[in-house]
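Below is one structure; the comments refer to it alone.
The values are calculated or read from the model by the stated rules, or taken from the named source; none is laboratory data. Bear in mind that the values here come from a model prediction, so they are computed numbers and not experimental data. Cβ: placed from backbone, ideal geometry, glycine included. Neighbour counts: every protein chain shown. Ligands, DNA and RNA are stripped out before the accessible areas are found, and what is left, the full protein with its side chains, is counted by its heavy atoms. Shrake-Rupley method; radii C 1.70, N 1.55, O 1.52, S 1.80 Å.
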Amino acid sequence: MTPCPTKAQTRPRSTHRRVAPALLAVLLALAGCGGSDRGAIPIDTAQNSCNLTTSSGGSVVVGSGQAGDPSAPEPASGYVLGKKATYATKYMVVSANPLASKAGCDVLKNGGSAADAAVAVQAVLGLVEPQSSGLGGGAFMLYYDARTKKVQAYDGRETAPAAATENYLRWVSSTDQTPPQPGGARASGRSIGTPGAVRMLELAWSDHGRRPWSDLFRPAISLANDGFLISGRLADAIAGGATGLKRDAEATAYFFNSDGTPKGLGTRLRNPAYAATLGTIAAGGANAFYTGPVAQGIVAKIKATSGGTPAVPITPGLTELSDLANYQAKRRDPVCTTYREYWVCGMSPPSSGGIAVASALGILENFNLAPLKPTGSLAEGGKPTVQGVHLVSEAERLAYADRDKYVADTDFTPLPGNSWNTLLNKPYLKSRAALISTARSMGTAQPGVFGSAAQGVSLIEERGTTHFTIVDAAGNAVVMTTTVEAGMGSYHFTQGFILNNQLTDFSATPTDGAGLPVANKVEPGKRPRSSMAPTLVFRKAADGSMGDFVMGTGSPGGGTIIQYVTKTLVGALDWGLDAQQATSLVDFGASNSATTSLGGEHPVLDITNGGNNDPLIVGLRALGHTVSTAAQSSGIGTIISTTRNGAPVLQGGADPRREGIVLGNAD
């Protein structure tokens, strides 16, 4: 038998002359090769793998199309009642889409690591949830290696092109000081950062993967070719983004019917272009995405100058092929701090999520939260108490105040004291906690003062995103939050995937109203600040070091991610809620404004009569909170390591506000 080629041998030697990558992937698969020198492990593609077990003791098959199939399309819902914690003894995955959860679970079932499963999950999410994440976006990941007991952070955040200026999002050019078109930077080529998710996944896989790289794309390739049924959330995203999507001919052909109407709920959607792109990546690795025809297609789309019928002007971006070829994913040290009897690890800059969550928790550590746990039935997480919501929201106001002023890409703008410890040390956070009154909301908090150079405050409204959490049979864990920024990103569509509008997470102006420089301004090669907060929790060992894995969680939600993750951590660690209860719990919290949010979609809240019939809303208003009950769109995915009937188990919860499910081994 002819030996399989090594990974290096399957990489293209030239961007001009090579075997068609998609064809190469098929040939390798037929030959039993994975495009890698790692030993091939056969994939079990039987539809009965990683079933969803029902409360009646039966099971339904994800992707079967049969009655009860959790991936069967249904209208988008604000909140699905009755979700219960899911249990498994060996491995588990929770994502925002059933088909993605199944792809990851099948990889775990066949001996793959959490890193392997992450590649498969993201590949499927980019197909079935293109409004939230995909090949054209970025991501942050934390990986826990159970053997070494170490946590590694991976940074796949998008970057500004080398030609970007500090006014890149503000003006067309120095001589044409009008905003990018159409209607501002978001839908222009200026919003598109160099994608980072593919390079980051390959980096994490090279460190922790067990299965051949090309095997991990098979589920998504099959789904793209065979088609999947449009879900409620995707149907809403297509209809809601119609104006922007119709400026792009490829997006129009894919997302709309021949009469111009949006493809709706339950429509079978096939994406052979996406399958071909995945085949290219499967055969050639990340280099085949960042160079060659795929990269050329990305750059051409970023440089588009008009679109739609009738055509409207589009301000092109200044991204070149060299920007993609030079993109680097980065290993970073995670932000790990203690909270009561736990270690909590989050993502480091350019994400502000890890620092802001740790800041809020460090402030809350100075209060006894246990007696403030939710009341009533805990089926949906219970009814939060007035003082519980008050203290968490006040701590978040202080945390956001510091992050808004000081946190950005530390490769360009250092933190105060050149260390996140300046913002997170115990004495400092105790002093911040002292600013909280139990009787009155502070409204808007002021950032700490560190004697460094004066900086402006950057308030950026982030959007979109998705999250998944994975634990494999060896105890390794992944928490990964991934995004194209706003729903449907920049509306630019190429080769089967959406391009991000992530650069709008930069401050559009380099200075604030007082003329002070903003840390999160645009600079060439810089990564925009994020709120993504993938989080891992560990027990504190007897000697104070990091002990056993306790929990993994995270959420989409733009700037409110920090609030969603904080309430989930407090729910589980302080209030003893299980993985589903903590995930389902009312979304509450505050950024640095007088407004405190309570997710009005939750069934325990009574938002009739302006909320005046609900004791929680009335109680918060009495403390000076301006209460918003607008619906929240978290997508929390949580796995907790616990015991059941005296045996160790994994316990999972999927957000009832989205379409996701938890899957794991059934034995």
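Convex hull volume of the Cα atoms of the range 285-340, normalised per residue: 179 Å³.
Tell me, how many Å apart are the Cα centres for the range 544-588 and for the range 317-333? Taking the Cα centre of the range 317-333 as reference, the centre of the range 544-588 is 32 Å away. Extension gain, Ser258 to Asn366, is 32.8 nm, computed as 0.36 nm per intervening residue step minus the present C-alpha separation. Normalised by the number of residues in the chain, the mean separation of alpha-carbon contacts (under 8 Å, six or more apart) gives a relative contact order of 22 percent.
For the range 256-355, the dipole from Cβ point charges (+1 on Lys and Arg, -1 on Asp and Glu) about the Cα centre works out to 180 debye, to the nearest 20. Using a cutoff of 8 angstrom between alpha carbon atoms and counting only pairs six or more residues apart, the relative contact order for the range 514-667 works out to 20 percent. Kirkwood radius and radius of gyration were both taken over the C-alpha atoms of the range 174-235, and their ratio Rg/Rh is 1.19.
Listed by number, the DSSP H helices of the chain that run 20 Å or longer by alpha-carbon position along their axis and have mean Kyte hydropathy of at least -0.5 are 114-128.
Taking only the Cα atoms of the range 72-135, the ratio Rg/Rh comes out at 1.00, with Rh defined as the Kirkwood radius. Ranking Phe217, Pro427, Ala76 by Cα position along the charge dipole of the chain, where only Lys, Arg, Asp and Glu carry charges on their C-beta atoms, puts Phe217 farthest toward the positive end. For the range 479-598, the equivalent ellipsoid derived from the Cα gyration tensor has semi-axes of 32, 19, 17 Å, listed largest first. Dipole orientation for the range 504-644: of the candidates Thr553, Pro528, Val586, Pro528 has the Cα lying most toward the positive pole (charges on Cβ; Lys, Arg +1; Asp, Glu -1). Compactness of the range 146-262 is given as radius of gyration and Dmax, 19.8, 57 Å, from Cα positions.
Considering the zone a paramagnetic label at Ser206 would reach in this model (a point 7 Å from Cα along the Cα-to-Cβ line), which residues of the range 273-297 have amide N under 15 Å from it? The answer is 284-291, whose backbone nitrogens lie closer than 15 Å to the label point. In terms of the mean number of neighbouring beta-carbon atoms within 10 Å, the peptides 105-116, 271-282, 79-90 order highest first as 105-116, 271-282, 79-90. The convex hull drawn around the Cα atoms of the range 538-667, when projected onto a plane and averaged over every direction, covers 10.4 nm².
Using equal-weight Cα scatterers in the Debye expression, the normalised intensity of the chain in log10 at q = 0.07, 0.08 Å⁻¹ is -0.41, -0.55. Three principal axis extents describe the C-alpha atoms of the range 317-378; from largest down they are 57, 26, 17 Å.
Taking the 1.4 Å solvent-accessible surface of the chain as the whole, the part contributed by carbon and sulfur is 53%.
Of all segments of the chain bounded by GluC sites (Glu not before Pro) found in a DSSP loop with no more than 12 other C-beta atoms within 10 Å, the longest spans 1-340. The P(r) of the range 293-419 has a tail past 17 Å containing 73 percent of all C-alpha pairs. A 1.4 Å probe run over the protein chains yields, for the chain, 35 Å² of accessible area per residue, whole-number rounding.
The coefficient of translational diffusion for the range 481-526, derived via Stokes-Einstein from the alpha carbon Kirkwood radius under 25 °C and 0.890 mPa s, stands at 200 µm²/s. Listed cross-link partners Lys430/Lys567; Lys301/Lys526; Lys246/Lys301; Lys90/Lys150; Lys149/Lys426 are compared with a 23 Å cut-off, the Cα-Cα value being larger for Lys149/Lys426.
All other residues with a Cβ under 15 Å from the Cβ of His602 taken together, and with Lys, Arg as +1 and Asp, Glu as -1, what is their net charge? Local charge sum for His602: -1.
Distance between the C-alpha centres of the range 380-430 and the range 271-290: 40 Å, rounded to the whole angstrom. For the range 591-639, a Kirkwood radius taken over Cα pairs fed into Stokes-Einstein (4 °C, viscosity 1.567 mPa s) yields D = 111 µm²/s. Could you tally the net charge around Ser437, taking each other residue with its Cβ under 14 Å from the Cβ of Ser437, Lys/Arg +1 and Asp/Glu -1? Summing Lys/Arg as +1 and Asp/Glu as -1 gives +2.
With K and R counted +1 and D and E -1, the other residues having a Cβ less than 11 Å from that of Val62 yield a net charge of -1.
Mind putting together the pair-distance distribution for the range 380-435? All Cα pairs, 10 Å bins, whole percent per bin, short to long. Histogramming the range 380-435 at 10 Å steps yields 20, 41, 25, 13, 2 percent.
Only helical runs count toward this figure. For the chain, summing -39,500 (n - 2.57) over DSSP H runs of n ≥ 4 and dividing by all residues gives -8000 deg cm²/dmol at 222 nm.
About the centre of its Cα atoms, the chain shows a dipole size close to 720 debye [charges on the beta carbon of Lys, Arg (+1) and Asp, Glu (-1) only; nearest 20 debye]. Per the Cα gyration tensor, the range 53-159 maps to an equivalent ellipsoid with semi-axes of 26, 20, 13 Å, ordered largest to smallest. Let me test this: with uniform point scatterers at the alpha carbons of the range 188-313, what is the Debye-based log₁₀ I(q)/I(0) at q = 0.09, 0.15, 0.20 1/Å? Once normalised to I(0) and log-transformed, intensities are -0.32, -0.89, -1.28.
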